[in-house]
1. Only one of (1) part of a helix (DSSP H, G or I); (2) surrounded by 10 or more Cβ atoms within 10 Å (Cβ to Cβ) fails for Trp50. Which number is that?
Amino acid sequence: MTDPTDITPAPDRGLGALLRETYAGRDDAAFVARLEAAFAAATAAPRSLWDQLGAWARPGLAAAAVALLAAGGYLGWQAAATGGLAPAGGDVAAVPEAANGGLVLLDAQGSEVLRSPVAPEPGVLLASLLETP
């Protein structure tokens, strides 16, 4: 458009020529051939589900490793800031004993509340959470 205030429904020949020159390919037949070749390559052999999952495995494992390192770093920082991973308030922590498979219950200060030679069923430990008031 040569005059910005000229608003008419007639096409602007100068603008049309400039747009055609910018966006049109030099060789229409070669453009169509490239387009058909790209479409044929994309649809020739569809990838199976396992191939697609295999392509995602490496980035997924890298993301999981980063998340694991971040969680471990946070827990380490929290343990260093509080002097250990002790429960807050009057809560009790259940610590398994590796030697005999038993269980030791510790209070918030880390003193032993209960020692069991055999690990209880999970429902027993979670009974207070599962009970409805």
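1. (2)
Yes/no per residue for (1) at pLDDT 70 or above; (2) in contact with a Gly (Cβ under 9 Å, 6 or more places away or on another chain):
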{"site": "Leu69", "(1), (2)": "yes, no"}
{"site": "Val95", "(1), (2)": "no, no"}
{"site": "Asn100", "(1), (2)": "no, no"}
{"site": "Ala108", "(1), (2)": "no, yes"}
{"site": "Arg115", "(1), (2)": "yes, yes"}
{"site": "Pro120", "(1), (2)": "no, no"}
{"site": "Ser128", "(1), (2)": "no, no"}
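The values are calculated or read from the model by the stated rules, or taken from the named source; none is laboratory data. What you see is a predicted model, and the numbers here were worked out from it, not measured in a lab. Here the Cβ is made from the backbone with ideal geometry for all residues, glycine too, and neighbour counts use every protein chain on show.
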